[in-house]
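One structure is given below, encoded as structure tokens.
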Amino acid sequence: MKALRGLLRKESYHILRDRRTLTVIVVLPVLQVILFGFAIRTDVNDVRLAVVDPTPDYATIALRNRFDATGTFRTVAVLHRVDELSASFQTGAAQLAVVFEPRFAERLAHDGVARVQVITDATEPNTASARQSYAFAVIQDYERSVRAASNDVRIVPDGRLRFNPTRESSNLFVPGLMAMVLTIISALMTALSLTREKETGTMESLLVSPLRPVEIIVGKVAPYLLIGLLSVALILVEARFVFNVPMRGSIVLLVGEALLFILVSLSIGILVSARTSSQRVAMLIALVGTMLPNQLLSGFVFPVESLPRALQILSNVVPARWFVLIARGIMLKGVGLAYLWRETLILAGMALLLLALSARSFKVRLS
Amino acid sequence: MSIVRGLRRVLALARAEVLHVVRDRAMTVQIVVMPIVQLLVLANAATFQIRDVPTYVVDYDRTTVSRGLIDAFTAGGLFHIVGTAPSAALANDALLRGRATMVLTIPNDFESSIVRTRVGRVQLELNAEKGSSVGIVQSYAGQILAAYSARLSIEVRPTTQLARAAPTQATPVRGAARIEIRAQGWYNATLNYKHYMVPGILVALMTMIGTLLTAQNIAREKEVGTLEQLNVTPITRGQFIAAKLLPFLALALINLTLGLIVARLVFAVPMRGSIMLLYGAAAVYLVVALGIGLWVSTIVETQQQAMFVTFFILMVYLLMSGLFTPVDSMPEWVRALSQLNPVRHFVTIARAILMKGAGPSEIARPMLILAAYGVAVLTLAVRQHTKRSA
């Protein structure tokens, strides 16, 4: 026990004395959350709209006004022929075009059918389809209002967006960012701190000391656990005061879950370092192996439901996926353990499994 | 004479670097295999495509009309019913648990209200936690409702008009005003997001590996103490940086080649422009990316610091490059800031060459920015690197 305390003290000195690293570890995540909180958005707003209206009449003008009134669309050009469109698409001046057929209102009144074409710049398919669906909604809305005058059946949907009514991007991404930042601090820093002892040869002296392997691990990771918790606190303060992200659930529970997630990440770090001998391989695995999967398979930006089936299954082993669910659940939905016990159990299971694995592979190195 | 000697020095040191990488098996595997695996897997991941909307139905009405509406939702294949119960509490629970993405509530006067007033109301509750896909789901649901009400218009005729309608109209369907919408996507007609993502992910992987390897390189020499030895050799600062840069540039180009082969053979990514132009642009871009790595390497003391700083720089670069989330959605000041991001420019170039078949004149602007960036970063790295140990 006394030996462990000694090691803990040594590790704390290591971290505290290296002012530069310490500043970097504490300040950078805070800056990043601010930057990304503002920058990572998938809102589709300010869509540059081109209108092709060969014969303007009351119906096309009414529909055009509806587009302008949404606030999502901004009409940048009103053209008369479709072939004029190509240029505005190529320069990026327009992102979406609405093409009315000639004599639109007349056809609508007499034939009962009028045609309109929605053309999108689909280079980027994800936002293209979102823009397209917004345009569809505007046109359908208009269609319904035209029908209101007629004797047709109408079903009026009362749409409600739960948990994030304004669809504010930062409400979604700030809880997710917490997972990113915690992974870096916990997994990467631990992996490096252990391999470094190996590389510089000081691991030998640790191993011949009366410390048990478990104690060495505890001593090495405990300081990073504290730094991780400090980051959580800072990010939560930011979320509240900079981004006004709601905190509908229990903050104590969230901190507890964060602790669990940090434990999982730390054990990954230990495992990586136990299996590698140089800092550079540890770094490669930790960085290339965690950065993209964490960003893409955690539901942080792209919903897990949108993944192909096989990747959805694969995403189950990404710890960040569960933590993102938990963090959003607590912050946005205000749910407690009654709803999150499954995710919590999975994280706890991962932590136990990884800790056991890393303790074992660590022992192997002793012999 | 001195040029030849300088070149020899650079080559000798570069050769040492190559040997370092090649001899370390674990490392070679990481560098070559990991990017390919990630490209294969992750190119499938970056999509907002809606595959399936778990829906909870609260049907208070339980009539033929309400059941018809539910059938209309399931018939499309997109919405699948995860539960039906006339209980708002249970539905709310499903929403909270994340079991349902949408709750459709049909009030108990649904049918009678349609028959009496021709207007029915339903409630759609959506889990907005899912971000931007919610808007798309909402508009799908709107389309289904519109189609179903059009059908009802024929089936449920108001009693007063029943006599009139049948004989006068040959095609009763056309009785109502209808707007037919046709959609068209240009440049990527099938909306295949993989064609868009693969070049992006390839750039991301190339950048990560290149920057990381160069960043830890000099830091490692410092840590192990071999930098001292290099400092006492006659090599100049410029030669030193060049020797550190070239091997990794070659390595990254090999990565690019492998990635392009995968992109072509596995994902059938179109390559409409000149591949040579792409390589030329890649070489300029890599000087920037690796130069940043080297610069980081000269200012830090340990590999741990190098790693941490690189990780954060890369995260900022990647997330703000328009790779995953569109630059157009970002606020004005972030968009201005992203002009400083080399990844953004190269991603634009790569996509323009591959997808749109852009030539040298179309990509001139981002190329010039990258070139200027490269000169600046290299100057910085060379100046920062001192041969004196502090």
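The values are calculated or read from the model by the stated rules, or taken from the named source; none is laboratory data. Predicted model, so just to flag it, every value in this text is computed and none were measured. Note that we place each Cβ from the backbone using ideal geometry, even for glycine, and neighbour counts take in every protein chain shown.
Couple of notes before you dig in:
- Listed conditions (1) within 30 Å of A:THR42 (Cα to Cα); (2) facing another protein chain (nearest Cβ under 10 Å) are all met by A:PHE73, apart from (2).
- Tabulated pairs, segment A:199-214, first within 14 Å of chain B (Cβ to nearest Cβ) and in contact (Cβ under 8 Å) with a residue 60 or more places away in the chain, second part of a helix (DSSP H, G or I) and polar (S, T, N, Q), C-beta under 7 angstrom, 6+ apart or interchain: A:GLU199/A:GLN279
- Restricting the search to helices (runs of 4 or more DSSP H) fully inside segment B:1-119 and requiring at least 3 residues that are touching a residue at least 12 places away in the same chain (Cβ under 8 Å) and within 12 Å of chain A (Cβ to nearest Cβ) gives B:25-42, B:64-75, B:88-97, B:110-117.
- All helices (runs of 4 or more DSSP H) inside segment A:198-285 with 2 or more residues being charged (D, E, K, R): A:213-241, A:251-275
- Members of segment B:335-384 that are in a loop (DSSP other than H, G, I, E, B) and either buried (at least 21 other Cβ atoms within 10 Å of the Cβ) or within 14 Å of another protein chain (Cβ to nearest Cβ) (or both): B:ASN341, B:GLY357, B:ALA358, B:GLY359, B:SER361, B:GLU362, B:ILE363
- Residue that is modelled with the highest pLDDT, among those in segment B:190-210 that are more than 7 Å from chain A (Cβ to nearest Cβ) and over 16 Å from the mean Cα position of the chain (by Cα): B:GLY210
- Matching residues in segment A:1-44 - criterion: being among the basic types (Lys, Arg) and under 32 Å from the mean Cα position of the chain (by Cα): A:ARG19, A:ARG20, A:ARG41
- Residue match in segment B:279-299 (condition: over 17 Å from B:PRO35 (Cβ atoms) and outside any helix (DSSP H, G or I)): no
- Residue within segment A:309-327 that is surrounded by fewer than 24 Cβ atoms within 10 Å (Cβ to Cβ) and in contact with a Phe, Trp or Tyr (Cβ under 8 Å, 6 or more places away or on another chain) present: no
- Residue list for segment B:1-57, filter: modelled with pLDDT of 80 or more and closer than 30 Å to B:PRO86 by Cβ: B:ASP52, B:VAL53, B:PRO54, B:THR55, B:TYR56, B:VAL57
- For segment A:306-321, the criterion of being at the interface with another protein chain (Cβ under 7 Å from one of its Cβ atoms), of a type in the set (Ser, Thr, Tyr) and part of a helix (DSSP H, G or I) is satisfied by at least one residue.
- Given (1) at the interface with another protein chain (Cβ under 7 Å from one of its Cβ atoms); (2) over 29 Å from A:LEU296 (Cα atoms); (3) in a helix (DSSP H, G or I); (4) aliphatic (A, V, I, L, M), number of the condition A:VAL156 does not satisfy: (3)
- Segment A:285-299 residues that are more than 7 Å from chain B (Cβ to nearest Cβ), paired with ones that are at pLDDT below 70 and in a helix (DSSP H, G or I) (beta carbon under 6 Å, 6 or more apart): none
- Verdict on A:PRO125 being under 30 Å from A:PHE36 (Cβ atoms), within 7 Å of chain B (Cβ to nearest Cβ) and surrounded by fewer than 18 Cβ atoms within 10 Å (Cβ to Cβ): no
- When segment A:49-104 is filtered for residues that are farther than 23 Å from A:GLU124 by Cβ, of a type outside the set (A, V, I, L, M) and part of a strand (DSSP E or B), only A:PHE100 remains.
- Residue check, A:ASP141 under 21 Å from B:MET102 (Cα atoms) and of a type in the set (D, E, K, R): yes
- Only one entry in B:THR190, B:THR233, B:THR257 is in contact with a helix residue (DSSP H, G or I) (Cβ under 9 Å, 6 or more places away or on another chain), under 30 Å from A:ASN126 (Cα atoms) and not in a helix (DSSP H, G or I), namely B:THR190.
- Count of segment B:304-323 residues which are modelled with pLDDT under 80 and within 22 Å of B:PRO247 (Cβ to Cβ): 1
- Cβ-Cβ under 9 Å pairs, at least 6 apart or on other chains, segment A:159-172 side of a type in the set (Lys, Arg), far side modelled with pLDDT under 75 and in a loop (DSSP other than H, G, I, E, B): A:ARG167/A:ASP43; A:ARG167/B:GLY131; A:ARG167/B:SER132
- Sole exception among (1) among the hydrophobic types (A, V, I, L, M, F, W, C); (2) under 13 Å from the mean Cα position of the chain (by Cα); (3) in a helix (DSSP H, G or I); (4) within 11 Å of chain B (Cβ to nearest Cβ) for A:LEU340, by number: (2)
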